[in-house]
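The structure appears right after this line, and notes come after that.
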Ligand code: MN
């Protein structure tokens, strides 16, 4: 590792060096096609030079050389304009000197001051000493980022320059900085489309983290240079001839993989250096001829190349028709060269190349007036981050994990039924797609169709899948969905919805609890509360209230185990108050099957009552306790609203009615029923690959039954599955159960009442 060169310049030499460096910055700027605001840049330079006067970097050189270098990266390697160049020149002024953001605003206006302020906020290393502090800092970084993306771009340039000059830092600092660069900045650079910077950051980090490996691979690359050149020339010559015949102006470059990416490949694929197959690569950058579509030109070149060489069947990547989320466009093809080596060729137009090298900044340049593109994929990503930040309650560590997930996961692209494209992280499920489209779609998502096949919510998608989201009004968001969701956005949306849904139950539970305390004059101290929470196996009061509110637990659950007579008398009082078992307090709700019920004026209980339903009108309601289906053995009960309630004969509630309300019972008979009903079916079996597909195939495929809910649980080898299906009558259910029993591995299929 190089150590800082001894620094020995006279003040005059130093001053000249600074002037030269600045002049070089300006030269680059003037060669770009930005509007020329040289005055402003010169003022920013003078201001920064004066502010940092007398301060030196660890290497001994004047501090101002660092902001100049950062401004140069911002201008030349990222392609940004005067606002960013000024902000880069001033980026350490507020942090390191007496000047304030207000001073910057007075001299350079609001925009530049805002960016400098953003940079000052995130000036510390992202990695503090504690993990949660890291996450908080990272959150700050991204918060600022969503205000103005230039803050992050300049931060990238700052980090790149610090990495380039890392040699002068103490070794322990080198590890820390190299580590966080690899962990945070390189993936972020990738996401922003700054491929050149990403590669360099990776290489530099690698160099400081694994100096010996770095040196070894670098020398191997150098050692194979001659051979590589020969292979390349043999390969390229016929291509040049062909492209010349086509009358194309273009640049072609031989490309060598970066040290870091070669090492990664050696590590992940466990291959020696010699076997890293795509060490060779060629890049063709063409000028789009007048009147030709650049996309079409890519395909024409592709066609010419595949006339010359055989393409690898699985290594053609069309990022032209389907650009990457960060805007990258190119056509990649891997060809078998004359020496039997696979060589990757990247075909790009001049515009695509600039985007690839400089990222989104270049992309903006091509937009008229240099305006940000409103709905770019990047904006969508930034909005996702905002979604997360808007959520008031995520644990800081969770937040970092969610983001890490998004930064590192490779991406997949799927199609909506309308042919729109969605970019998602690998591992995304049907439910992720639903949530990415709309919160409501996610909340009511019941299944999906992937390439026209019915799949469950947790089905993991592959790139190129066509995905349709199926919803149902009766579907509700479930906490267990959290386990298979993979996008941060979906998790955020689900978490929000769950919290919203739980709130009334928590409130209800709190009332139950408070009423109980008041009623019995109980004063709780903390010890008792801890005990109560422990008994209910919850960790917070909110969780307890939720359990009480949903009826999952009741107060007598707790008191029943306390055998004191006082407790027992409390229990009995609770029952009288109606706070006891949840069943008692459960109100009858109308289901969609029970709506539109006609109330007959007079019903003769001595006659057999004929049940009919023509699809709009029906003369009965189905009891919720046993939800009978047409064809079931049932009885009627004339309730006090004058409606005929239908109960299954085996329903426990019906037993009670028989005993206590004999005068209101009716014999009933099913007539023509023209309506669908929901039946609940429980399936158990031995889990094997593909069994669920087969089951859903039987249901929706061969029997053409509409599935409304599907809930699957697997415990080791065994799975159980509850599903709601739309059926016409009992026979329909029996046919379905019989068909499912025939599926290999299914052990039990029962209709649940
Ligand atoms: Mn800096």
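The values are calculated or read from the model by the stated rules, or taken from the named source; none is laboratory data. All values reported here derive from a predicted model rather than from experimental measurement. Every residue, glycine among them, receives a Cβ derived from its backbone with ideal geometry; neighbour counts consider all protein chains shown.
Are any of the residues in the stretch 30-53 outside any helix (DSSP H, G or I) and within 16 Å of the ligand (Cβ to nearest atom)?
First, pick out the residues of the stretch 30-53 that are outside any helix (DSSP H, G or I): 32-37, 52-53.
Those left that are additionally within 16 Å of the ligand (Cβ to nearest atom): 52.
Scanning the stretch 30-53, I find at least one residue that is outside any helix (DSSP H, G or I) and within 16 Å of the ligand (Cβ to nearest atom), so the answer is yes.
In the stretch 230-238 there is no residue matching the filter, namely being more than 16 Å from residue 337 (Cα to Cα) and assigned to a helix (DSSP H, G or I). Take the conditions (1) touching a helix residue (DSSP H, G or I) at 6+ places or on another chain (Cβ under 7 Å); (2) more than 30 Å from residue 316 (Cβ to Cβ); residue 537 misses just one of them, which is (1). When you scan the stretch 102-122, do you find a residue that is over 28 Å from residue 38 (Cβ atoms), out of contact with any strand residue (DSSP E or B) (no Cβ under 8 Å at 6 or more places or on another chain) and either away from the ligand (no atom under 15 Å from the Cβ) or modelled with pLDDT of 70 or more (or both), even just one? No, every residue in the stretch 102-122 fails to be over 28 Å from residue 38 (Cβ atoms), out of contact with any strand residue (DSSP E or B) (no Cβ under 8 Å at 6 or more places or on another chain) and either away from the ligand (no atom under 15 Å from the Cβ) or modelled with pLDDT of 70 or more (or both). When the stretch 724-745 is filtered for residues that are over 10 Å from residue 679 (Cβ atoms), in contact with a helix residue (DSSP H, G or I) (Cβ under 7 Å, 6 or more places away or on another chain), modelled with pLDDT of 85 or more and not in a helix (DSSP H, G or I), only 743 remains. Here residue 92 meets the list (1) at pLDDT below 95; (2) farther than 28 Å from residue 355 by Cβ; (3) surrounded by fewer than 23 Cβ atoms within 10 Å (Cβ to Cβ) almost entirely, failing just condition (3). So, of the residues in the stretch 168-183 that are away from the ligand (no atom under 16 Å from the Cβ) and touching a helix residue (DSSP H, G or I) at 6+ places or on another chain (Cβ under 8 Å), which turns out to be nearest to residue 261 (Cα to Cα)? In this case the residue turns out to be 182. Scanning the stretch 706-723 for residues that are surrounded by 20 or more Cβ atoms within 10 Å (Cβ to Cβ) and at pLDDT 80 or above gives 721, 723.
For the stretch 79-95, the set of residues classified as more than 14 Å from the ligand (Cβ to nearest atom) and free of Cβ contacts under 8 Å to residues at least 60 places away in the same chain consists of 82, 86, listed by residue number. Within the stretch 242-275, the set of residues being more than 17 Å from residue 345 (Cα to Cα) and at pLDDT below 85 comprises 265, 266, 267, 268, 269, 270, 271, 272, 273, 274, 275.
Kindly indicate whether residue 385 is at pLDDT below 50, under 12 Å from the mean Cα position of the chain (by Cα) and within 19 Å of residue 496 (Cα to Cα).
Working: at pLDDT below 50: yes; under 12 Å from the mean Cα position of the chain (by Cα): yes; within 19 Å of residue 496 (Cα to Cα): yes.
Here the answer is yes, as residue 385 does meet what is asked.
In the stretch 60-78, which residue that is in a loop (DSSP other than H, G, I, E, B) and within 14 Å of the ligand (Cβ to nearest atom) is surrounded by the most Cβ atoms within 10 Å (Cβ to Cβ)? Only one residue fits best here, namely 64. Looking only at residues of the stretch 460-482 that are within 15 Å of the chain's Cα centre (by Cα) and crowded, with 19+ Cβ neighbours inside 10 Å, we find that the one that is modelled with the lowest pLDDT is 461. The set of residues from the stretch 179-205 being surrounded by 22 or more Cβ atoms within 10 Å (Cβ to Cβ) and modelled with pLDDT of 85 or more comprises 197, 198, 201, 202, 204, 205. If you take the residues of the stretch 428-457 that are within 14 Å of the chain's Cα centre (by Cα) and assigned to a loop (DSSP other than H, G, I, E, B), which of them is surrounded by the most Cβ atoms within 10 Å (Cβ to Cβ)? Looking at residues that are within 14 Å of the chain's Cα centre (by Cα) and assigned to a loop (DSSP other than H, G, I, E, B), I get 428. Listed by position, the strands (runs of 3 or more DSSP E) enclosed by the stretch 612-698 that each have at least 2 residues that are modelled with pLDDT of 80 or more and within 15 Å of residue 730 (Cβ to Cβ) are 644-648, 668-673, 677-686.
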